[in-house]
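One structure, as structure tokens, below. Some questions next.
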Amino acid sequence: CGVFGIWGHEKAAELTYYGLHSMQHRGQEGAGVVVSDGQELKTHKGLGLVNDVFKQTRFNALSGERAIGHVRYSTQGGKTYENVQPLLFRSQTEDMALAHNGNIMNTDKLRGELENQGSILQTSSDTEVLAHLIKRGGMGINETSIADALNRITGAYAYLILTEEKMYAALDPSGIRPLSIGRLGASYVIASETCAFDQIGAVFEREVLPGELVTFSDGGITSIRFAMRGQRKMCAMEYVYLSRPDSDVNQVNIHASRKRMGIELAKESPADADIVIGVPDSSISAAIGYAEATGLPYEMGIIKNRYVGRTFIQPSQELREQGVKLKLAPVRGIVSGKRIIMIDDSIVRGTTCKRIVHMLKQAGAAEVHVRIASPSIQHPCYYGIDMSTREELIAANYSLDEIGELIGAESVAYLSEAGLEKAIVREKTIHQGICTACMTGHYPVTENRQQVMAHEV
Ligand code: 5GP
Ligand code: SF4
Ligand code: MG
């Protein structure tokens, strides 16, 4: 998912739309905005792509100088209108809207507790649980009630909360999900990815820190630390796959880090070949790095139909397979008769690689050597990326040789953990660490150890 917020701009809702549009790749199931004019909160949201949701929107009906927005891709909670964010909670005293990127691990427990105490939950999304926790104390919506509520939840999250009078932004104590603050003239903006700042002409100011709660009000911006700040554990998959190449995550440019992954991969796993190709779009940067490091020509061996969305984000395997076929096509004149090094950013279920190798062979490729610009994914993610069971992860169930056979490639190799870390982490400080749990099984945050063990067997 992607979140966006803006404080103190007369075109708040419209700019939120542009910001969300630039983060469309983070979620394609639904989008929405909630705007505050200081008196009340107004919302517009819907299922589908940002453009479709806002097609008929008259932004003057969404007047107000503060807004938060969200693009959704569901890892928890159904694909229904009720779950499209921001979620808006009306009450006699004060309205509140929430937008969330990430995953709360102890939702079931908290949900049970809340229901036992008489709360009625409307959605299956874990964001609603936080809203109830904030309101439950009866002390209103403020820094203290939000900090108390955040201290009850475990997981990975970037939260934006909007009331009539304030906007809050919170990041989990390990800083697993990205969240940055920018300035647009006298206004503040906040977004999952910095590409949203570039989109609207805002400038990056700083990252929200792990365990930080930032408050935006007419008095400016203030901040508290609601939890002890540990080692930063930014999601490595943001670099490998999820973020846009022009974004900086934790002040490291995505394209540059992917290129370094390609360079490291070339050093670790060369192959005799004629050309290097990348799987569009997310593997192009790594392929360029690999080609540069080996001196082999970088070629456009596969093209992408830009009218098809992200295949991984399609929630069923059948849709996913159909999606790959519609989306990618080999360039016959380039690949025919060639020994090819094919770079992909990651293998999850193996769907993409298998289809592409098959496609390239059908187009006359002599050999296909698959090189993956990240370590093998063998463990589920509990932090908001849709890789939630081991059964679906090809590398959790098959050896490297078996994977090569399954996808029909002459050889397969993955980037090492050390190579990945080298490509992403520029200086080893408390602010620069990454989460690699899906590759290493070292989970930075656990609800309790037992639960993780149960998933791991
Ligand atoms: P697979 O086809 O092996 O199941 O998924 C890997 C492919 O899906 C890669 O080409 C990658 O670019 C793409 N992909 C889309 N969404 C995601 C995601 O959330 N995580 C990962 N690791 N890959 C994704
Ligand atoms: Fe990202 Fe993997 Fe960590 Fe999930 S487990 S947050 S996908 S690095
Ligand atoms: Mg891909």
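Does region 430-448 hold any residues that are of a type in the set (Gly, Ala, Ser) and buried (at least 17 other Cβ atoms within 10 Å of the Cβ), and which are they? Step through it out loud before you land on a result.
If we filter region 430-448 for residues that are of a type in the set (Gly, Ala, Ser), which is where we start, we get 433, 437, 441.
Matches in region 430-448: 433, 437.
So that you can scan it fast, the table gives a plain yes or no per residue for (1) touching a Ser or Thr at 6+ places or on another chain (Cβ under 8 Å); (2) surrounded by 21 or more Cβ atoms within 10 Å (Cβ to Cβ); (3) of a type outside the set (Ser, Thr, Tyr):
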site: 48; (1), (2), (3): no, no, yes
site: 60; (1), (2), (3): no, no, yes
site: 73; (1), (2), (3): no, yes, no
site: 81; (1), (2), (3): no, no, no
site: 86; (1), (2), (3): yes, yes, yes
site: 95; (1), (2), (3): yes, no, yes
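Taking region 340-391, which residues are among the charged types (D, E, K, R), more than 13 Å from ligand 2 (Cβ to nearest atom) and surrounded by 17 or more Cβ atoms within 10 Å (Cβ to Cβ)? Spell out the reasoning first.
First, pick out the residues of region 340-391 that are among the charged types (D, E, K, R): 344-345, 349, 354-355, 361, 367, 371, 386, 390-391.
Restricting the remaining residues to those that are more than 13 Å from ligand 2 (Cβ to nearest atom) gives 344, 349, 354-355, 361, 367, 371, 391.
Passing the criteria: 344, 349, 354, 355, 361, 367, 371.
May I ask you to list the residues in region 369-415 that are polar (S, T, N, Q) and within 22 Å of residue 290 (Cβ to Cβ)?
Just the residues of region 369-415 that are polar (S, T, N, Q), to begin with: 374, 376, 378, 388-389, 397, 399, 411.
Across region 369-415, the qualifying residues are 374, 376, 411.
Only one residue in 177, 229, 206, 244 is assigned to a loop (DSSP other than H, G, I, E, B) and over 25 Å from residue 284 (Cα atoms), so which one is that?
On the way: 177 fails: over 25 Å from residue 284 (Cα atoms); 206 fails: assigned to a loop (DSSP other than H, G, I, E, B); 244 fails: over 25 Å from residue 284 (Cα atoms).
Among 177, 229, 206, 244, only 229 is assigned to a loop (DSSP other than H, G, I, E, B) and over 25 Å from residue 284 (Cα atoms).
Let me ask something additional. Among 411, 416, 399, which is of a type in the set (Gly, Ala, Ser), over 25 Å from residue 234 (Cα atoms) and in contact with a helix residue (DSSP H, G or I) (Cβ under 8 Å, 6 or more places away or on another chain)?
Values: 416 fails: over 25 Å from residue 234 (Cα atoms); 399 fails: in contact with a helix residue (DSSP H, G or I) (Cβ under 8 Å, 6 or more places away or on another chain).
Only one candidate passes the filter, namely 411.
Related question: Could you tell me whether residue 34 is out of contact with any helix residue (DSSP H, G or I) (no Cβ under 6 Å at 6 or more places or on another chain) and part of a strand (DSSP E or B)? If you could, list the steps in order and put the result at the bottom.
Numbers: out of contact with any helix residue (DSSP H, G or I) (no Cβ under 6 Å at 6 or more places or on another chain): yes; part of a strand (DSSP E or B): yes.
So residue 34 fits the description; yes.
State whether one or more residues within region 15-25 are over 23 Å from the mean Cα position of the chain (by Cα), under 20 Å from residue 83 (Cβ atoms) and hydroxyl-bearing (Ser, Thr, Tyr). Give the derivation first.
Residues of region 15-25 that are over 23 Å from the mean Cα position of the chain (by Cα), as a first pass: none.
Checked against the condition, which is being over 23 Å from the mean Cα position of the chain (by Cα), under 20 Å from residue 83 (Cβ atoms) and hydroxyl-bearing (Ser, Thr, Tyr), region 15-25 yields no hits at all.
In this structure, does residue 405 turn out to be outside any loop (DSSP other than H, G, I, E, B), more than 16 Å from ligand 3 (Cβ to nearest atom), within 26 Å of residue 280 (Cα to Cα) and in contact (Cβ under 8 Å) with a residue 12 or more places away in the chain? Talk me through it step by step, then tell me what you get.
Details: outside any loop (DSSP other than H, G, I, E, B): yes; more than 16 Å from ligand 3 (Cβ to nearest atom): yes; within 26 Å of residue 280 (Cα to Cα): yes; in contact (Cβ under 8 Å) with a residue 12 or more places away in the chain: no.
Considered against the rule, which asks whether it is outside any loop (DSSP other than H, G, I, E, B), more than 16 Å from ligand 3 (Cβ to nearest atom), within 26 Å of residue 280 (Cα to Cα) and in contact (Cβ under 8 Å) with a residue 12 or more places away in the chain, residue 405 comes out as no.
Here's the yes/no breakdown for (1) more than 30 Å from residue 155 (Cβ to Cβ); (2) surrounded by 20 or more Cβ atoms within 10 Å (Cβ to Cβ):
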{"residue": "205", "(1), (2)": "no, no"}
{"residue": "210", "(1), (2)": "no, yes"}
{"residue": "213", "(1), (2)": "no, yes"}
{"residue": "219", "(1), (2)": "yes, no"}
{"residue": "246", "(1), (2)": "no, no"}
{"residue": "253", "(1), (2)": "no, no"}
{"residue": "258", "(1), (2)": "no, yes"}
{"residue": "267", "(1), (2)": "yes, no"}
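At pLDDT below 95 and either within 15 Å of ligand 3 (Cβ to nearest atom) or aliphatic (A, V, I, L, M) (or both): does that describe residue 244? Before the answer, list the steps.
Details: at pLDDT below 95: no; either within 15 Å of ligand 3 (Cβ to nearest atom) or aliphatic (A, V, I, L, M) (or both): yes.
Considered against the rule, which asks whether it is at pLDDT below 95 and either within 15 Å of ligand 3 (Cβ to nearest atom) or aliphatic (A, V, I, L, M) (or both), residue 244 comes out as no.
Give the residue, chosen from 113, 164, that is more than 26 Å from the chain's Cα centre (by Cα) and either of a type in the set (Phe, Trp, Tyr) or within 26 Å of residue 20 (Cα to Cα) (or both). Before the answer, list the steps.
Working: 113 fails: either of a type in the set (Phe, Trp, Tyr) or within 26 Å of residue 20 (Cα to Cα) (or both).
Step by step, each of 113, 164 is checked, and only 164 is more than 26 Å from the chain's Cα centre (by Cα) and either of a type in the set (Phe, Trp, Tyr) or within 26 Å of residue 20 (Cα to Cα) (or both).
Within 16 Å of ligand 1 (Cβ to nearest atom), farther than 24 Å from residue 440 by Cβ, in contact with an Asp or Glu (Cβ under 7 Å, 6 or more places away or on another chain) and of a type in the set (Lys, Arg): is that true of residue 225 in this structure? Before the answer, list the steps.
Values: within 16 Å of ligand 1 (Cβ to nearest atom): no; farther than 24 Å from residue 440 by Cβ: yes; in contact with an Asp or Glu (Cβ under 7 Å, 6 or more places away or on another chain): yes; of a type in the set (Lys, Arg): yes.
Spelling it out, it is not the case that residue 225 is within 16 Å of ligand 1 (Cβ to nearest atom), farther than 24 Å from residue 440 by Cβ, in contact with an Asp or Glu (Cβ under 7 Å, 6 or more places away or on another chain) and of a type in the set (Lys, Arg).
The values are calculated or read from the model by the stated rules, or taken from the named source; none is laboratory data. From a predicted model like this one, the values you see are computed outputs, not experimental measurements. Here the Cβ is made from the backbone with ideal geometry for all residues, glycine too, and neighbour counts use every protein chain on show.
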